[in-house]
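**Student:** Attaching a single structure in structure tokens format; questions to follow.
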Amino acid sequence: MHRSVAAQASFSELRDYAEDLQRSEGYGHTLSEIWQQPEVWRDTARRMGSARKRWQGLISRAAAIVVTGSGSSYYAGKCVETVIQERTGKPVLAIESGELLLLGSGVLPTARPLAMVSVSRSGDSPESWALIERLLDEEPAIEHLVITCNPAGRMALGFAVDPRVTVVVLDERCCDRSLVMTSSFTSLVVAALALGYPEREYVTSVENLATGVSGLLEGPLESIEEFPVEHVERMLAVGSGSLQGAALETALKMLEMTDGRVLTRAETSLGLRHGPMCALRERSLVFVPLPSQAARRAYVADLMEEIDRKGLGGWKVLVGAQTGGVSTGPPDLVVEMPELEGMGDEWVAVASVVVGQLLAFRRCRAEGLRPDEPSVENSITRVVGKFRLHRTAVGEV
């Protein structure tokens with residue numbers, strides 16, 4: 001019979017326990033998947049480089065680009081849409097797969113040819129593959145790029161023979177076995193960022209990101225371990241542009257891994273004042289990935305000062321290359337990664353999500369839940385189950 005692992009055990013202690021004990025405690029998959037991220041990002045960069053000749057023409061031909069996915073995969077699209085548009089000079093939209101399936105191709109950009117980039121962990125989400133099937137049937141001027149973590153998924157296998165679909169499969173290790181997406185989310189973001197970067201700059205950026213996050217994960221983690229996340233009852237994650245994608249994902253991780261016991265919301269940097277700020281209470285946490293660009297950062301600094309001046313919220317978590325000029329106090333957690341200096345918000349977004357994963361993991365265990373499967377009533381599952389797919393006839397109102 002296995003002895004129980006204390007909820008407050010350090011990350012180092014948890015990782016040192018025997019694999020069978022980690023599995024019995026329900027955290028082995030999640031913890032290893034968090035820690036493997038820098039390594040699989042480097043592998044992701046190599047795979048995207050090897051496949052560049054297959055997808056580069058598709059992106060070059062496109063008059064506009066849509067990045068789509070379901071759940072966390074859609075948030076991955078939000079992390080990359082701004083930078084891909086800036087880098088390619090083409091209109092780029094992140095649209096949720098379910099919304100496209102529900103609302104139809106009328107919500108797509110009208111420009112053709114159109115590149116549809118579908119990102120997915122499992123490749124088996126019903127709305128994601130159904131959307132590609134429908135568009136292949138109805139929209140011949142759309143070319144598809146599928147980026148998936150699962151070589152055996154429907155999106156990897158079902159469309160590979162269609163000349164309008166290019167499939168890139170990432171390392172199977174990042175097809176997370178835990179219920180929640182950790183390395184799969186960040187790897188999908190890293191993969192999609194290749195679409196907007198010259199190859200050499202992309203590889204260098206991935207290496208800088210991996211080095212910075214490796215330094216965090218392999219260094220002393222006392223500040224995160226000692227942060228009183230067990231007392232948090234609400235969390236607001238704040239970010240704009242690429243950092244909005246990070247805020248959405250961080251909020252979802254805390255919500256999923258506490259089985260809804262910590263209420264969360266993601267908001268934009270300037271949107272927080274327009275109502276959501278009223279949610280800040282004594283046991284509230286404000287999670288803030290810090291923008292790289294000076295003017296954007298100044299807006300965030302002003303917002304943090306206002307929160308302090310009004311005495312709102314209990315704690316702040318700030319993540320960035322450096323946090324100088326942003327209001328912090330003794331209760332707050334500041335995570336600095338100098339390797340991010342000079343890098344765009346899209347890279348800060350990935351690094352900040354890792355910090356959010358660590359906090360959500362500890363809050364999950366403080367609740368007595370199992371990080372690999374935190375949903376007690378099975379309200380959510382690793383892959384969304386099959387549901388009825390409806391189709392509107394052409395011309396139907």
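Read the figures in this text as sums done on the coordinates, not as results from a lab. This one's a predicted model, so the numbers in the text were calculated from it and none came from an experiment. No Cβ is skipped: glycine too gets one built from the backbone with ideal geometry, and neighbour counts run over all protein chains shown.
**Student:** For region 220-366, with only Lys/Arg (+1) and Asp/Glu (-1) charged at the beta-carbon, what is the dipole magnitude about the Cα centre, in debye rounded to 20? Intermediate results must be reported in sequence, preceding the final value.
**Tutor:** Numbers: 15 positive and 20 negative charges, 106 e Å.
So the magnitude is around 500 debye.
**Student:** Right, next: Compute the distance from the alpha-carbon center of region 300-323 to that of region 18-74, in whole Å.
**Tutor:** 31
**Student:** Still on this structure, I have one more. Is there a quick way to get the dipole size of the chain? I mean about its Cα centre, with the Cβ of Lys and Arg at +1 and of Asp and Glu at -1; what is the value in debye to the nearest 20?
**Tutor:** Dipole of the chain, to the nearest 20 debye: 820 debye.
**Student:** When the Cα atoms of the chain are enclosed in a convex hull and the volume is divided per residue, what value in Å³ results? Write down the numbers at each step before the final one.
**Tutor:** Working: hull volume 57.3 nm³, N = 397.
For the chain, the hull spanned by Cα atoms encloses 144 Å³ per residue.
**Student:** Still on this structure, please answer the following. Treating cross-link reach as a plain straight distance, find the lysines whose alpha-carbon is under 29 Å from the alpha-carbon of Lys53, omitting any fewer than eight places away in the same chain.
**Tutor:** Correct list for Lys53: Lys78, Lys90.
**Student:** Something else about it: Give me Rg/Rg_expected for region 1-83, where Rg uses Cα atoms only and Rg_expected = 2.2 N^0.38 Å with N residues.
**Tutor:** Rg over 2.2 N^0.38 Å, computed on Cα atoms: 1.65.
**Student:** Now for a different question. Order the peptides 186-192, 18-24 from the highest to the lowest mean number of other Cβ atoms within 10 Å of their residues. Could you put the intermediate results ahead of the total?
**Tutor:** Working: 186-192: 29.0, 18-24: 14.0.
Peptide ranking by packing, descending: 186-192, 18-24.
**Student:** Highest mean first, how do 347-358, 41-52 rank when packing is the count of other Cβ atoms within 10 Å averaged over residues?
**Tutor:** On the way: 347-358: 26.6, 41-52: 19.2.
So the order, starting with the most tightly packed, is 347-358, 41-52.
**Student:** What residue among Val238, Val326, Val376 shows peak mean-square fluctuation when the chain is described by a Gaussian network model with Cα springs under 10 Å?
**Tutor:** Comparing Val238, Val326, Val376 in the GNM, the peak value goes to Val376.
**Student:** A follow-up question, please. When the helix-only estimate is applied to the chain (DSSP H runs of n ≥ 4, each -39,500 (n - 2.57), divided by the residue count), what is the mean residue ellipticity at 222 nm, nearest 500 deg cm²/dmol?
**Tutor:** It comes out at -13500 deg cm²/dmol, rounded to the nearest 500.
**Student:** Moving to a separate point now. Along the charge dipole of the chain, pointing to its positive end and built from +1/-1 on Cβ of Lys, Arg, Asp and Glu, which listed residue (Ser73, Leu100, Val229) has its Cα farthest out?
**Tutor:** The residue sitting most towards the positive pole is Leu100.
**Student:** Something else about it: Per 5 Å bin from zero, what fraction in whole % of the C-alpha pairs of region 193-348 is there, up to the bin with the longest pair?
**Tutor:** In order of increasing distance, the bins hold 2, 9, 18, 22, 21, 15, 8, 4, 1, 0 percent.
**Student:** Treating only the Cβ atoms of Lys and Arg (+1) and Asp and Glu (-1) as charged, compute the dipole magnitude of region 37-207 about its Cα centre; round to the nearest 20 debye. Write out the running numbers ahead of the final one.
**Tutor:** Values: 18 positive and 20 negative charges, 96 e Å.
About 460 debye.
**Student:** Along the Cα-to-Cβ line of Thr268, 7 Å from the Cα, sits a label point; which residues in region 174-195 have backbone N less than 14 Å from it?
**Tutor:** Output list for this probe position: empty.
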